Amino acid sequence: MQKIKDFLKLLVLFAGMFVVLIFLARFTETDLSGSAKVVDGDSLHLGGEEIRLFGIDAPEYNQRCMLEKPDQTYACGKRARDYLKSLVAGQTVVCSGFERDRYDRLLAECHANGQSLNLAMIEAGWAVSFGDYYAAESRARDAAAGIWAGSFDSPAEWRKDAREAHSRGFISSLFRW
């Protein structure tokens, strides 16, 4: 009986160590470099990883923003993606991060041609800050750069509204049966 108890204690110890190792693996420094494929204004694929640019939030690919007149909209999500594409075109991209988001994307600071892609997106007005870039965001806003040239829903609010609209459409489709 004592051997079974000892075995169970050892099993619990190893299970605990396994859980700790999995947790620590989520916070391991990861460095990648090479040719990147831009997904949207704040994410890209590099070295088999999906990377989310840390500390910024760009308009979603299908998001539209408004110019000075409310009836003048433009595809700001596509413009943000295109701007990030222009920054990485033909360049070696170097990304470093240690944390992952809920979608298992590496949250990283990325550079191309010696400049921070994260900061460049904020400075050009194609992303909002939720990290260390508030001063750069303020300068972009004052200069009416990118999305700051008009009005827009924050990318987070736009995603929330899109999810709610999708849910409403799904629920109403159930009642059309």
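Nothing in this text is a laboratory measurement; each read-out follows from the coordinates by a stated rule. Bear in mind the structure is a predicted one, so any value in this text is a computation, not a measurement. For neighbour counting, all protein chains shown are included, and Cβ atoms are generated from backbone atoms with ideal geometry for every residue, glycine included.
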Inset, instruction - State the dimensionless ratio Rg/Rh of segment 90-138 (Rg: radius of gyration of Cα atoms; Rh: Kirkwood radius). - result: 0.99
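On full extension of the chain, what length is gained from Asp132 through Ser33, given 0.36 nm per residue of separation minus the C-alpha to C-alpha distance?
Full-extension gain reported as 33.3 nm.
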Inset, instruction - Mind giving me the FRET efficiency for Arg163 and Ile4? R0 is 35 Å, r the Cβ-Cβ distance, nearest 0.05 is fine. - result: 0.10
Legend entry - Separation of the Asp71 and Asp142 label points, Cα + 7 Å toward Cβ, nm: 3.5 nm
Inset, instruction - For segment 29-175, report the convex hull volume of the alpha-carbon atoms normalised per residue, in Å³, without decimals. - result: 119 Å³
